[in-house]
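Enquirer: Would you mind keeping the following structure in view while I ask a few things?
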Amino acid sequence: MERQFKKIKFWLNDREVETMVDVRASLTDLLRNDFRMTSVKKGCEVGECGACNVLIDGECFNSCIYLAVWADGKHIRTLEGLLGPNGELSDIQEAFIEETAVQCGFCTPGFLMTAVEILESGKEYTDDELRKLLSGHLCRCTGYENVVRAVKKTMLRRLGKAEGEEK
């Protein structure tokens, strides 16, 4: 069978890019191999672990089961896109450090991208709601509680509330 390629154009971390892509390639492979976005981790490759999560037009997707050709015309954001203009960390990245929500680090980029989607909704969530929203991720180090604390802390800060004021 002859390989087929298609030219696609999309925005990667707010920068317009254009490339030829194998129509069978996953978005994970495109981002890692062609654009060196190494935060996009290859975990299960069947959409179960969340390590490859990226934001596509503001919504989280498992990039391992998202075809690269579907990215045409979309806005893709990876962990690399969270850094400030001088390389400074975002508030959610800082909260992950403060709450020791990083252990081996393999699942961290996916968790962070889901956290960004949660935080950008501008809504206040209960602990149970946060756990459910973060449930699409597998952490081999069982770091879930610290992740929930980091997301909650950032959510409350963004909403101008102190811990203990939550609903």
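The values are calculated or read from the model by the stated rules, or taken from the named source; none is laboratory data. All of these numbers come straight from a predicted model, not from anything done at the bench. Because the Cβ atoms are built from the backbone with ideal geometry, glycine has one as well, and the counts that use them run over all protein chains shown. Surface accessibility is based on the protein's heavy atoms, side chains included, excluding ligands, DNA and RNA. Shrake-Rupley method; radii C 1.70, N 1.55, O 1.52, S 1.80 Å.
Enquirer: Along Cα→Cβ, 7 Å out, is where each label goes; now give me the distance between the ones at Asp128 and Arg36 in nm to one decimal.
Expert: 4.7
Enquirer: Moving to a separate point now. Positive end of the dipole of segment 114-165, charges at C-beta (+1 Lys, Arg; -1 Asp, Glu), about the Cα centre: which of Leu159, Gly143, Ile118 has its Cα farthest in that direction?
Expert: About the Cα centre, the residue reaching furthest to the positive side is Gly143.
Enquirer: Below 8 Å, C-alpha to C-alpha, sequence gap of six or more: please give me the relative contact order for the chain in percent.
Expert: Values: 286 pairs, mean separation 36.7, N = 167.
For the chain, the relative contact order is 22 percent.
Enquirer: Once phi is turned into ³J(HN,Hα) by the Karplus curve 6.51 cos²θ - 1.76 cosθ + 1.60 with θ = phi - 60°, what whole-Hz value does each residue of segment 46-57 show in order, with x for glycine and proline?
Expert: 10, x, 9, 9, x, 5, 9, 4, 9, 8, 10, 6
Enquirer: Please list 3J(HN,Hα) in residue order for segment 17-25, calculated via the Karplus relation 6.51 cos²θ - 1.76 cosθ + 1.60 where θ = phi - 60°; whole Hz, with x for glycine and proline.
Expert: With the stated coefficients, segment 17-25 comes to 10, 9, 7, 8, 9, 5, 5, 9, 6 Hz.
Enquirer: Mind checking segment 21-108 for GluC sites (Glu not before Pro) that DSSP puts in a loop (not H, G, I, E or B) and that have at most 11 other Cβ atoms within 10 Å? Could you put the intermediate results ahead of the total?
Expert: Numbers: sites: Glu45, Glu48, Glu59, Glu80, Glu88, Glu94, Glu98, Glu99; in loops: Glu45, Glu48, Glu88, Glu99.
Answer in residue order: Glu88.
Enquirer: Tilt of helix 108-120 relative to the longest C-alpha principal axis of the chain, in degrees (0 to 90, nearest 10)?
Expert: 70
Enquirer: With charges only on Cβ, +1 for K and R and -1 for D and E, what is the dipole size of segment 28-167 about its Cα centre, in debye, rounded to 20? Please report the intermediate quantities before stating the final value.
Expert: Values: 17 positive and 23 negative charges, 34 e Å.
For this selection, approximately 160 debye.
Enquirer: At 1.4 Å probe size, what's the solvent-accessible area of Lys123? Round to the nearest 10 Å².
Expert: 120
Enquirer: Quick check: the distance between the Cα centres of segment 30-72 and segment 104-164, to the nearest angstrom?
Expert: 19
Enquirer: Trypsin sites (Lys or Arg not before Pro), restricted to segment 1-39: which are DSSP loop and have at most 13 other Cβ atoms within 10 Å? Mind showing how you got there, number by number?
Expert: Details: sites: Arg3, Lys6, Lys7, Lys9, Arg15, Arg24, Arg32, Arg36; in loops: Arg3, Arg24, Arg36.
Taking segment 1-39 and a limit of 13 other Cβ atoms within 10 Å, the loop trypsin sites (Lys or Arg not before Pro) found are Arg3, Arg24, Arg36.
Enquirer: Roughly speaking, what is the stretch gain from Glu48 to Phe5, that is 0.36 nm per residue apart minus the C-alpha to C-alpha distance, in nm to one decimal? Before the final figure, lay out each step's value.
Expert: On the way: separation 43, 0.36 × 43 = 15.48 nm, distance 2.74 nm.
Additional length available on full extension: 12.7 nm.
Enquirer: Now, a different point. Any idea how far apart Thr142 and Val17 come out in nm if each label point goes 7 Å out from Cα toward Cβ?
Expert: 3.8
Enquirer: For segment 42-157, which whole percent of the accessible surface, found with a 1.4 angstrom probe, sits on carbon and sulfur atoms?
Expert: Values: 2850 of 5500 Å².
Of the solvent-accessible surface of segment 42-157, carbon and sulfur hold 52 percent.
Enquirer: Then there's this: Which aspartates and glutamates have a Cα less than 18 Å from the Cα of Lys9, not counting those fewer than 8 places away in the same chain?
Expert: Within reach: Glu18, Asp22, Asp29, Asp34, Asp57, Asp72.
Enquirer: Another one. So how do Trp11, Trp70 rank on accessible area, 1.4 Å probe, biggest first, that is with the largest at the start?
Expert: Working: Trp11 80, Trp70 130 Å².
The most accessible residue leads, giving Trp70, Trp11.
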